[in-house]
Structures are given as structure tokens and as C-alpha cells.
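The values are calculated or read from the model by the stated rules, or taken from the named source; none is laboratory data. Everything numeric in this text was worked out from a predicted model, so none of it was measured. Note that each Cβ is placed from the backbone with ideal geometry, even for glycine, and that neighbours are counted across all protein chains shown. Side chains included, ligands, DNA and RNA excluded: accessible areas come from the protein's heavy atoms. Shrake-Rupley method; radii C 1.70, N 1.55, O 1.52, S 1.80 Å.
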Amino acid sequence: MYDYVVKELPKVLTDNFEQLNTSCASIFGHSMGGHGALTIYLKNTDKYKSVSAFAPIANPINCPWGQKAFSNYLGTTKSEWEEYDATLLVKKCNTLSTPILVDQGEDDKFLAEQLLAGNLEEACKAAGAPLTLRMQPGYDHSFFFIATFIDDHIAHHAQFLKSG
């Protein structure tokens, strides 16, 4: 998926929509897609103006889902997993100036064991990376959660796309 999102998709869009400027792009996602958005952004801050995520798997090295996926796809050498973990990547990014926006439902049954938003928050603080982590009371991991706050994410990206 990484090559598709970072390389192939922008080329397809540019080839088919001449008026589209793919050098002025942002990225966001939900859950595992939120994790993907964060890691793609952190590896490509020169390609994306901003990032946001809904309930991302923020620290997959330290959660059962991530450990299962990484061991199946990347092997059992945990040091090789680090470049795919947003919490670890943000520690290496000491020049981030654009705030990362993350919305997380407080009632999300995956929050404590799988999503680990607090780990991302701690890593951002340690690295001096701006993070807006909004814990949303009464919300879980559902479409309703995303639908409620999507306008905020679009506005977040719009402000950086307009200035870029």
C-alpha cells in the first residue's frame, strides 16, 4: 500500500487530471488507515502538507494487532518493524511544524490495548512535534464517530493546503 499511496496514486491522478496539483496534498485515515496516514506523512513530510487520523493504531509494535501483522508481513525481527510505527517515527522527526490532528473516541473498546494514543502523545511531546489529540467522550470506533468530526479534519487540511 505504501508504494501505491506515495508513488502510484499521485501519478495516476496527475496523468488523468491535468488541473490537479499532487504536490499540494494531505493525508488522513481511520484505524489501521490512520496508522498508515501517520507513517506515510512522517516518512514524506516533503510530499504532504498535513496529516490527520481517526482512532489510529498509534504504536503497533506495542499492541497485539500490530505485533501479529508485523510478524506476518515483516518477520520476527522487531527492530525491522520500527520504520512502520508512527510513535517511533515521530521521535525521529524533530522538525515538524504542522500540527498532527488525531481524534479518538473515549468509549472506543480498542483504545487501551490496541490504539495506544497516549504513547503517540508522549512521543510527540518528547520530540517537540505538535499534536492535537482530541479525546471525544461518548464516541467509539464507528462510522458515526468519523461522520461527526470529518468536517474538522477537512478544515484542518484546508488551512495547510491553502497556505501551501
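A few comments on the model shown:
- Within the range 24-162: Cβ-based charge dipole about Cα centre, in debye rounded to nearest 20 (Lys, Arg +1; Asp, Glu -1): 440
- Each stretch of four or more DSSP H residues adds -39500 (n - 2.57); spread over every residue of the chain, this sum gives -13000 deg cm²/dmol at 222 nm.
- Solvent-accessible area, 1.4 Å probe, carbon plus sulfur percent, for the range 1-97: 52
- Cα pair distances exceeding 17 angstrom across the range 24-162, given as percent: 56
- Summed residue charge, Cβ within 15 Å of PHE160's Cβ, Lys/Arg positive, Asp/Glu negative: +1
- Environment charge at ALA127 (Cβ cut-off 12 Å; Lys +1, Arg +1, Asp -1, Glu -1): +1
- Per residue accessible area of the chain, 1.4 Å probe, in Å²: 54
- Note on the chain: antiparallel DSSP beta bridges, both residues inside, total approximately 0 percent of the bridges counted.
- Measuring nothing but how far apart in sequence close Cα pairs (under 8 Å, 6+ apart) lie, relative to its length, the chain scores a relative contact order of 23 percent.
- Whole-angstrom gap from the range 1-60 to the range 85-164, using each part's C-alpha centre: 15
- For TYR139, the residues whose modelled amide H falls within less than 5 Å of its own, excluding neighbours fewer than 5 places apart on the same chain, are GLU106, ASP107.
- Rg/Rg_ref, the range 21-104, where Rg_ref = 2.2 N^0.38 Å and atoms are Cα: 1.08
- Only one residue of ALA155, TRP65, ALA112 has its Cα farthest out toward the positive end of the dipole of the range 24-162, where Lys and Arg carry +1 and Asp and Glu -1 on Cβ, and that residue is ALA155.
- Of the complete DSSP H runs in the chain, those spanning 24 angstrom or more by Cα along the long axis with a mean Kyte-Doolittle score not below 0.5 are 143-163.
- For LYS11, the aspartates and glutamates whose Cα comes closer than 17 Å to its Cα, not counting residues fewer than 8 places off in the same chain, are ASP3, ASP46.
- Amide H contacts of LYS47: none lie under 5 Å away among residues 5 or more positions distant or on a separate chain (H built 1.01 Å from N in the peptide plane; Pro and chain starts excluded).
- Residue with peak Gaussian network fluctuation, the chain [Cα springs, cutoff 10 Å], from GLU122, GLU113, GLU18: GLU18
- Taking 7 Å steps out from each Cα toward its Cβ at GLN19 and ASP3 produces label points 3.3 nm apart.
- Per-residue SASA entry for VAL90, accessible area with 1.4 Å probe, Å² rounded to 10: 0
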